[in-house]
Amino acid sequence: MADFKTLDDLDLSGKRVLVRADLNVPVADGKVTDATRIERLVPTIREIIKVDGKAIILSHFGRPKGKVDPEFSLEMVVAEVANAMGHPVGFIATDWVDVSKAKQAIDDAPAGSILVLENTRFHPGEEENDIELAKRMASLGDIFVNDAFSAAHRAHASTAAIAHQLPSAAGRAMEAELKALEAGLGKPQRPVIAIVGGAKVSTKIDLLENLISKVDALVIGGAMANTFLHAGGLGVGKSLCEKDLAETANRIRDKAEAAHCAIILPIDATVAWHFAADAPHRLYGVDAIDPDGMMLDVGPSSIERIKGAIDEAHTVVWNGPLGAFEMHPFDQGTVEIARYVAARTKAGKVVSVAGGGDTVSALAHAGVKDQFTYVSTAGGAFLEWMEGKSLPGVEALKG
């Protein structure tokens, strides 16, 4: 955290503060269906307006492809932002070519105002990290605060280039995320166990190869575990499996062994013959899977084995479900392990950090999304961090 400033390092009093948020939230029939990202923005905005600063929110929304498109206007989320803040919120339309009217509207707004600017992706320069666009954005404020970790893996004008134009800092949500990530893999309490699930090894090769050099044990679940089992010479029936990646799986296992990282694979599985909720199913050891069956969840012996590994850990990092958690009863492994990690967290036994894609949905399904030390809502950024990649939006705040 010493590499960049936070709100504690800035004088926000009476300042025009440009806040890069992530208002790219799910919307159906013109209404926000999940306001989590908006809610996490609240502490930063309140600190700004409390000292008569003007909070001016920048964000992308959808994929308008560099053109003004009313379908992707941020005006539709303003009511939800106001609801979360408990404070009136204004909206300022702009095409990002001429920002003079936006500047005048900001100047005319009273101290302590909250304003949402139009979609940054309405200009092609946003996704090109265009310096001229960044300068126009910067002309609207005195200070830049990035509170959008979920967009930090993009080198865009409103996340990277703008940070070099104004005094810059991380907002409270960004600060919390970075501290949690540091506790997860940066400087964790050891032993560290990583739980990685999901459908495909092919989408997580970089992730697995980075983790084996940083953790003490790696639990592999979901359909991607089938690829490892197949690579080890076991039959996987008709389970989802990337058989062409057997060599990659074995390479990862060899690297893990050299790095003294234990790889924990399922030893039994819940097998069904149809991919459907409540489909007929039974337990098999992974050394005797029915050739016509599909492994859709880890079995009870695997669950106990994973719990044993968690008992030995001080830090748990989680990305991806252990089975087809969307369908009963193939959610049992994910739910049981999620609740176990939550209980160990509550007891002060582990620091638990989770995030990425289906992970948040899986933890919510298990009823423990708020019981981990930290759950990241940043899909791509969280995954790239776990892969060991530098994030442009974070790097721009350094120095």
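The values are calculated or read from the model by the stated rules, or taken from the named source; none is laboratory data. Computed from a predicted structure; not experimentally measured. When we count neighbours, we look across all protein chains shown, and the Cβ atoms used for this are built from the backbone with ideal geometry, even at glycine. Only protein heavy atoms, including side chains, enter the accessible area calculation; ligands, DNA and RNA are left aside. Shrake-Rupley method; radii C 1.70, N 1.55, O 1.52, S 1.80 Å.
Within this structure, residue 191 fails the test of being open to solvent by 40 Å² or more (accessible area, probe 1.4 Å) and more than 26 Å from residue 253 (Cβ to Cβ).
Within segment 38-63, track down each residue that is open to solvent by 10 Å² or more (accessible area, probe 1.4 Å) and assigned to a loop (DSSP other than H, G, I, E, B). If the condition is that a residue be open to solvent by 10 Å² or more (accessible area, probe 1.4 Å) and assigned to a loop (DSSP other than H, G, I, E, B), then 40, 51, 52, 60, 61, 62, 63 are the ones that fit. Return the pairs, sorted by first residue and then second, in which the second residue is acidic (Asp, Glu) and outside any helix (DSSP H, G or I), the first residue lies in segment 29-57 and is under 16 Å from residue 9 (Cα atoms), the beta carbons are less than 8 Å apart, and the residues are 6+ apart or on different chains. Note: pairs meeting the criteria are 44/147. In the set 186, 198, only one residue is modelled with pLDDT under 95, touching a Gly at 6+ places or on another chain (Cβ under 9 Å) and either over 18 Å from residue 356 (Cβ atoms) or open to solvent by 10 Å² or more (accessible area, probe 1.4 Å) (or both); that residue is 198. For segment 246-269, the criterion of a residue being part of a loop (DSSP other than H, G, I, E, B), over 29 Å from residue 182 (Cβ atoms) and in contact with an Asp or Glu (Cβ under 6 Å, 6 or more places away or on another chain) is satisfied by no position. Among the residues examined, residue 17 qualifies as touching a Gly at 6+ places or on another chain (Cβ under 6 Å), of a type outside the set (Asp, Glu) and modelled with pLDDT of 95 or more. Residue 83 meets each of the listed conditions (1) buried (at least 18 other Cβ atoms within 10 Å of the Cβ); (2) not in a loop (DSSP other than H, G, I, E, B) apart from (1). Scan segment 139-159 for residues that are open to solvent by 10 Å² or more (accessible area, probe 1.4 Å) and either of a type in the set (Gly, Ala, Ser) or under 13 Å from residue 99 (Cβ atoms) (or both) and the total you get is 3.
Residues checked against (1) touching a residue at least 60 places away in the same chain (Cβ under 8 Å); (2) surrounded by fewer than 19 Cβ atoms within 10 Å (Cβ to Cβ):
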site: 231; (1), (2): no, no
site: 240; (1), (2): no, yes
site: 252; (1), (2): no, no
site: 265; (1), (2): no, no
site: 270; (1), (2): yes, no
site: 273; (1), (2): no, yes
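For residues in segment 119-133 being part of a loop (DSSP other than H, G, I, E, B) and open to solvent by less than 10 Å² (accessible area, probe 1.4 Å), which is farthest from residue 165 (Cα to Cα)? By that ranking, first place goes to 119. Inside segment 277-295, residues that are part of a loop (DSSP other than H, G, I, E, B) and within 28 Å of the chain's Cα centre (by Cα) make up a count of 1.
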